[in-house]
Amino acid sequence: MNTSDSPPTAIYLDNNATTRVSPGAFEAMVPYLTNLHGNPSSAYRIGREVRAAIDHARRQLADLLGCSSRELVFTSCGTESDNAAIHSAIEASGKRHIVTSNVEHSAVKNHAEALERRGFAVTYAPVATDGTLDPAAVAAAIRPDTALVSLMWANNETGVLFPIIEVGALCQERGVLFHTDAVQAVGKIPIALKDLPIDYLSLSGHKLHAPKGVGALYIRRRAPFVPYIIGGHQEKGKRGGTENTASIIALGRAAEEAAAAMDDENTRVRALRDKLENGLLAIEGAAVNGHRTQRLPNTTNISFEGCSAEALLLMLDRAGVCAAAGSACTTGSVEPSHVLTNMGLARERALGAIRLSLARENTGEEIDRVLEILPTIVAELRANPPDVSTLRELATS
Ligand code: PLP
């Protein structure tokens, strides 16, 4: 079993799925799982100390985002933050239409679809073939009864960045609330919320080296808010439920570390991603999915003609490399990702797409190793495409 001190031996290139808890974040949370176990709402010393530590974590996160700590509410995850923002805008405005894109994460997509089933109207602004979004498509979709525009800052599959500031400005002009799902953007690109035309922003701890099961929602000062989780008075009445204290404190530390690592992310990690991508593009029939520059520094999404992503991932796993496909795979039956198909990619190309997402732990040696392994895997799969039973064997061996 791996402990926190023994790094995993796999080459981990699936950091958009989740990241490793940083040693600093881990260390910060331990006292709050042991001696400082008090309830932050309790008036005695260990309660007060935990309350002070949560307030400190909130300031650390506010510093990363360039906002006031009073504008942050801790939640259980990115999904809850997204749901809370959408719910709030609808309840507060009383309006029955929302605008989003056709490549959102299921945290927004499935909520929008659930609203449609309840009689709300939703417009899904389309993206271009490189995954980018034209703000004009959003402007055209806004109606007098629009409660909210909700757009992801960075796409989890392709890394493509949306023009969040431009769209926020046009929402402000039209008097429409604006939410961004920034789960993939926070900690990877600089964000300075003060003065930005954003009403709500969602983030998730486990995408930036904090534990799973903690997130936050930014609610701009004076933006309307109707709580999604109703219960106790925690989070100034904005989110009921005893705080996940240890994880909140780890998130604060992780936010501070992310700010310090931002330059590394945008120089060394970006260079590693580019080296990996350019090396893989030398394979005949390889193609990148998504805009090459309007993109997160850590992500590449790439298809290999004649190979299924499912087989590629299984072979990579056997070689000790963790990667992802956008498609929902259950061995033998695969549906292509809605992100790639809504970008207009042919089914075959979407089914052959894998996502490699880096983080600050990745090294040049790891990238060199993947550049040795992957061309061989692609060549093997092209020479001997596996049938369903071979795939099942690979998946269970
Ligand atoms: N939004 C985006 C863009 C994501 O990538 C994810 C997770 O992959 C989420 C929301 C959901 O975050 P969480 O896993 O914290 O619920």
- request: Calculate how steeply helix 45-65 sits against the longest principal axis of the alpha-carbon atoms of the chain, using the helix alpha-carbon long axis, and give the answer as 0 to 90 degrees to the nearest 10.
  value: 60 degrees
query: Quick one: putting +1 on the C-beta of Lys and Arg, -1 on the C-beta of Asp and Glu, what dipole do you get for the chain around its Cα centre, in Debye to the nearest 20?
result: 1340 debye
statement: If the chain between E361 and R117 were fully extended at 0.36 nm per residue, the gain over the current Cα-Cα distance would be 83.5 nm
- request: Once every Cα of region 173-301 carries one equal point scatterer and solvent is ignored, give the base-10 log of I(q)/I(0) from the Debye formula at q = 0.12, 0.13, 0.14 Å⁻¹, two decimals.
  value: -0.62, -0.70, -0.79
statement: For K188, counting only lysines whose alpha-carbon sits under 18 Å away and dropping same-chain residues fewer than eight positions off, the answer is K207, K212
Portion, in percent, of the accessible area of the chain that falls on carbon or sulfur, probe 1.4 Å: 53 percent
Furthest towards positive pole of dipole, A28, N298, Q184, structure part the chain, Cβ charges: A28
query: Counting Lys and Arg as +1 and Asp and Glu as -1, each charge on the Cβ, what is the dipole of region 156-233 about the Cα centre in debye, to the nearest 20?
result: 260 debye
query: How much accessible surface area, in Å² rounded to 10, belongs to the heavy atoms of I249 with a 1.4 Å probe?
result: 10 Å²
task: Report the calculated FRET efficiency for S41 and R221 (r = Cβ-Cβ distance, R0 = 22 Å), to the nearest 0.05.
output: 0.35
- request: Compute the FRET efficiency between A52 and A379 as 1/(1 + (r/R0)^6), taking r as their Cβ-Cβ distance and R0 = 51 Å, and round to the nearest 0.05.
  value: 0.30
query: Suppose R0 equals 45 Å; then what is the FRET efficiency for R96 and S68 from their Cβ-Cβ distance, rounded to the nearest 0.05?
result: 0.90
message: Quick check for me: using +1 on Lys/Arg Cβ and -1 on Asp/Glu Cβ, what's the dipole size of region 1-139 about its Cα centre, in debye to the nearest 20?
response: 540 debye
message: Below 8 Å between Cα atoms, with a sequence gap of 6+, how large is the relative contact order for the chain in percent?
response: 22 percent
statement: the chain accessible area per residue, 1.4 Å probe, protein heavy atoms, integer Å², reads 42 Å²
query: How fast does the chain diffuse by Stokes-Einstein, in µm²/s, taking the Kirkwood radius from C-alpha pairs at 25 °C and 0.890 mPa s?
result: 112 µm²/s
task: Identify the chymotrypsin sites (Phe, Trp or Tyr not before Pro) of region 32-131 meeting these criteria: DSSP loop state and at most 11 other C-beta atoms within 10 Å of the C-beta.
output: Y44
message: If DNA, RNA and ligands are ignored and the probe is 1.4 Å, what is the ranking of K275, K212, K188, K236 by accessible area, most exposed first?
response: K236, K212, K275, K188
Euclidean distance of C-alpha centroids, region 177-238 and region 276-302, integer Å: 30 Å
query: From the residues T245, A260, I230, which one has its Cα farthest along the dipole of region 227-268 in the positive direction, the dipole being from +1 and -1 charges on Cβ of Lys/Arg and Asp/Glu about the Cα centre?
result: I230
query: Using only helices, what value at 222 nm comes out for the chain when you add -39,500 (n - 2.57) per DSSP H run of length 4 or more and divide by the total residues, to the nearest 500 deg cm²/dmol?
result: -12000 deg cm²/dmol
task: Starting from the Cα of N110, step 7 Å along the direction of its Cβ; do the same at E393; then give the gap between the two resulting points in nm.
output: 3.5 nm
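The values are calculated or read from the model by the stated rules, or taken from the named source; none is laboratory data. Please read these numbers as outputs of a predicted model, since none were measured by experiment. We place every Cβ from the backbone using ideal geometry, glycine too, and count neighbours over all the protein chains shown. Only protein heavy atoms, including side chains, enter the accessible area calculation; ligands, DNA and RNA are left aside. Shrake-Rupley method; radii C 1.70, N 1.55, O 1.52, S 1.80 Å.
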